[in-house]
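Participant: The structure is given below, and queries will be raised subsequently.
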Amino acid sequence: MPEENITTDEKENKENKVKDKKEKDPINLFYMAKKIFPMVFKAKPSYCLVNQSLSIIHGMSHGANVMVAQIFFDSVYRASTGDNTVTNVIIALIFFIACRLASDILNAVHNFTTNVHWHRAMGFMNSEINKKSALIDPVEYENPKRLDDINKAANGAGSAVHLVFILSTVITFYLPYFIFMGFYLTSLKPMLILCLLFVFIPVLTAQILRSSVFSKLEDKAAPIRREFDAYQDATAGKNFYKETRNLGSFKYLKNLLIDTINSLNSAVWSANKRSSLIDFGFNTLSLLGYGGILFLLVKYLLAGEISVGAFAAVYNSIGMLFGVMNEMISGHLGHLANNFGQIRNFLRFLDIPSDARSDLAISKKDGVIIENASFKYPNAEKESLKNINLVINPGETIAIVGENGAGKTTLVKLLTGLYKPTEGSVKIGETDVNTISYKSLFESVSGVFQNYQRYALTLKENIQIADFSTEENTGSQTKVDKILEENNIDKNNTDIFPNSLDTMLSREFDGVDLSGGQWQRIAIARGFYRDSDIIVLDEPTASIDPIEESAIYKKFVEIAKAKTAVIVTHRMGSAKIAERIVVMKDGEIAEIGSHDELVQKGGAYADMYDAQAGWYN
């Protein structure tokens, strides 16, 4: 079909198919090794080098033991025929035992260094996941697919480390052992090598097929695991259990949890069934190869083509050789095959584009300018914000109000640079937030949100966690003392804080718990402790009564005089303290003005204020 006759839809479908194909292209083993080996080495270089050196020596020692065994068995046989002395047999026995003992010692030391290096590497891998998570565009945390990617990456970190240890063990332990045994068997009878191949090839082929089965399983299991975590938390998590039991919804949530477990078990069962059928077929072929080796050994011995010692040594080592080969392929490479999908997902997560914007100092006293900004969440059908234009002057306090779902919180995320507008721009002074790193943005912005955290830390740590880099004295007070005093938090009230600043704020760790209002004051104090010029309160007082909320907001405005402050609330009485009020409706700015101006205007704000006025009388 000529290009000009192809419709736009057909072109898009074609492009999407190409894109999907590229996205489904598996990451091969070479790429995995290239990416992961340097990370594992970097975790602890000295242990890595020592571990690999021990592995080579360990592998060679097993091969050497077979030759030593042949010498010992031949010595015993010659002694039985009168061609050797008992002294020579004892010397051969001592040498044989010494070699076996040396292999056991090497094995113990090798396992110890491997275990230490393993834990170091796991810590490094988890650190890489955390670093990458911190550099992903925050809006991606609204994307279920990206949440699946994070779940897969966390699940695949251990498998990634295991990959390196498996491949390095294959190269430094198994390969030297098989090379040694290959030369040894060839020196006896070359045909023995062909039989080993009949053992090796079927098992290896089986693992390649199994890798495909378990890669598909991992893609299917990741979203189910997230559902399981959510339902398990809702059923028994400490943040849910009171309400769950009070509502009588435990049985309903338990059924959802069971359904999720059944779905996951069904997927795992299907994959394991296919894997077992593959193993059965190819292991049968391997068993035939094993039998062939034994047949040839007996044939060569009866024909006088190998010595009794060689027969005994090879026969004694065949079980180990088959076991080692099975361990390498079915065990180690089999584990790799099972977790190939997890490793692939781990690397794909690390390859996600990071925030590559540069660090840039922002003028500390500039306001915020939003021009024609719109925003749509990932996978959403419609925009959450539409054509927003707003200027917040330096040092100004504004309130953003509106009904639930009006776009208040989303607007705040644009103001702080947490989310990038899909259209238009957001600037702090002359600097577009899309051009600078999150690190630079967050240095000048702090916030207290509705779902603020109640850290199981001391009172002092709950404040300092906003910025552990600063703790200077302010006259006779420390910065923590000053912030607590400004927010009406009395550290010396032993009824609330029995150990003053060192009071643990968690009953789970032999500490105390606080009221909602006390926790909210601590959350706000934490926000002020951070040295920022723009501070946002996004409905952190939603769970307390309007009178208490008004008192907290009045104190907030008093402390925030030198800062640009943004208050988000659905309570009109609290918004009165702001210099200007931005009224949001259906993702758009409906009105802007002072409290008095908006009341006189008689629009959306006046209607909401009149409806809520009874709360404050």
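Participant: Which three numbers, in whole Å and largest first, are the semi-axes of the equivalent ellipsoid of segment 33-90 derived from its Cα gyration tensor as √(5λ)?
Facilitator: Working through the eigenvalues yields semi-axes of 45, 10, 4 Å.
Participant: With every protein chain in place, what's the accessible area of Tyr419 (1.4 Å probe, Å², nearest 10)?
Facilitator: 10
Participant: Still on this structure, please answer the following. Can you give the net charge of the other residues whose Cβ lies under 13 Å from the Cβ of Val566, counting K and R as +1 and D and E as -1?
Facilitator: Net local charge, Val566 excluded: -1.
Participant: Mind pulling up the Rg/Rh value for segment 264-303? Radius of gyration and Kirkwood radius, both on Cα.
Facilitator: Across segment 264-303, the Cα-based Rg/Rh ratio is 1.41.
Participant: When the Cα centres of segment 569-605 and segment 429-461 are compared, how far apart do they sit, in Å?
Facilitator: When both Cα centres are located, 26 Å separates them.
Participant: Can you work out the FRET efficiency for the pair Phe509 and Asn265, with r the C-beta to C-beta distance and R0 = 35 Å, to the nearest 0.05?
Facilitator: 0.45
Participant: In square angstrom, rounded to the nearest 10, how much accessible surface does Ile179 have for a 1.4 Å probe?
Facilitator: 90
Participant: Shifting gears a bit: Quick check: with the 1.4 Å probe, what order do Ile57, Ile369, Ile567 take by accessible area, largest first?
Facilitator: Ile57, Ile369, Ile567
Participant: What Kirkwood hydrodynamic radius, in Å, does segment 554-607 give when the mean of 1/r is taken over all pairs of distinct Cα atoms and then inverted?
Facilitator: Evaluated over segment 554-607, this radius sits at 11.9 Å.
Participant: In addition: Could you give me the ³J(HN,Hα) list for segment 530-537, computed from phi with Karplus coefficients 6.51, -1.76, 1.60 and θ = phi - 60°, whole Hz, x at Gly and Pro?
Facilitator: Karplus-based 3J(HN,Hα) across segment 530-537 equals 6, 6, 9, 10, 10, 10, 10, 10 Hz.
Participant: Could you tell me which of the pairs Lys254/Lys408; Lys42/Lys152; Lys254/Lys382 are separated by over 28 angstrom between their Cα atoms in the structure shown?
Facilitator: Lys254/Lys408; Lys254/Lys382
Participant: So for Glu142, Glu591, what's the accessible-area order with a 1.4 Å probe, most first?
Facilitator: Most to least solvent-accessible, the answer reads Glu142, Glu591.
The values are calculated or read from the model by the stated rules, or taken from the named source; none is laboratory data. Here the structure is a predicted model, which is why all the values come from computation and not from measurement. We place every Cβ from the backbone using ideal geometry, glycine too, and count neighbours over all the protein chains shown. Each accessible area value is taken on the protein alone, full model and side chains, heavy atoms only, with ligands, DNA and RNA left out. Shrake-Rupley method; radii C 1.70, N 1.55, O 1.52, S 1.80 Å.
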